[in-house]
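Notes to accompany the following structure.
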């Protein structure tokens, strides 16, 4: 093999491998009278090597956060409820009693963002759905009906845009109870990180809205009651900030990251909560059932 080919072969290797190959070739006299030219190649190789960051698996693998899943996040973990103690006077088999206190059903919670509404309204009553917003609600209702699920209840924020959206959806789900809730109203759940320049509520708004939205989370997002025998499907029509905060809390992500999530009007976010307390996200802001020209985020 010629010295030029040898140099090219060596330069084809990275880092320490190239160093060892060059040293071995030089010691055996492969470069001969061309040693000076080889040294020039070597000089260029060392410069290139210095410009390359050292590679190691640790540099390419995210470090674990060290945080573990809190199975008692909703304060309904059976062992925690009983304080780990068995009843002394119980005549029943203790293992059977413990089984009876465990949830057995999965809760499915479908969070719907309200449809497009009139942004120029001066108060909540004037912020009604636009014609496009009503179309979006119809499409969302059709989608929920097409899923063929047995819905238990349709809960909605008491704000006008959410109430109107829920009523249009309910036409496609006959027999499903419609319930209004003030806790689900839009607001500022927690100061976002990183902050944004175009939206900076006062600290008091975070203080007031945050407590209310957290109360809504605790009321609606939790594992099934032990008495529940079958999986349930509940629809909640509310607002983007509320849904984004719920998702972060349910997945035990840092809640201050809620503003990094974007949701289309009329979109479906599907949370599941297993009997063990494990939460999962089946869909986030699904709006694929709408034509592209019907998609909005206002």
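The values are calculated or read from the model by the stated rules, or taken from the named source; none is laboratory data. Just so you know, these numbers come straight off a predicted model, no measurement behind them. Neighbour counts run over all protein chains shown; Cβ positions are idealised from the backbone, glycine included.
Things to note:
- Residue that is surrounded by the most Cβ atoms within 10 Å (Cβ to Cβ), among those in region 66-95 that are part of a helix (DSSP H, G or I) and modelled with pLDDT of 55 or more: 78
- For region 214-238, a residue qualifies if it is outside any strand (DSSP E or B), crowded, with 22+ Cβ neighbours inside 10 Å and out of contact with any helix residue (DSSP H, G or I) (no Cβ under 6 Å at 6 or more places or on another chain), and exactly one does: 223.
- Any hit, region 199-207, residues being in contact with a helix residue (DSSP H, G or I) (Cβ under 7 Å, 6 or more places away or on another chain), in the same structural domain as residue 112 (by TED's automatic domain parsing) and surrounded by 16 or more Cβ atoms within 10 Å (Cβ to Cβ): no
- The residue that is nearest to residue 231 (Cα to Cα), counting only those in region 251-272 that are assigned to a loop (DSSP other than H, G, I, E, B) and out of contact with any strand residue (DSSP E or B) (no Cβ under 8 Å at 6 or more places or on another chain), is 253.
- Within region 127-181, restricting attention to residues that are over 25 Å from residue 219 (Cβ atoms) and out of contact with any helix residue (DSSP H, G or I) (no Cβ under 8 Å at 6 or more places or on another chain), the residue that is surrounded by the most Cβ atoms within 10 Å (Cβ to Cβ) is 143.
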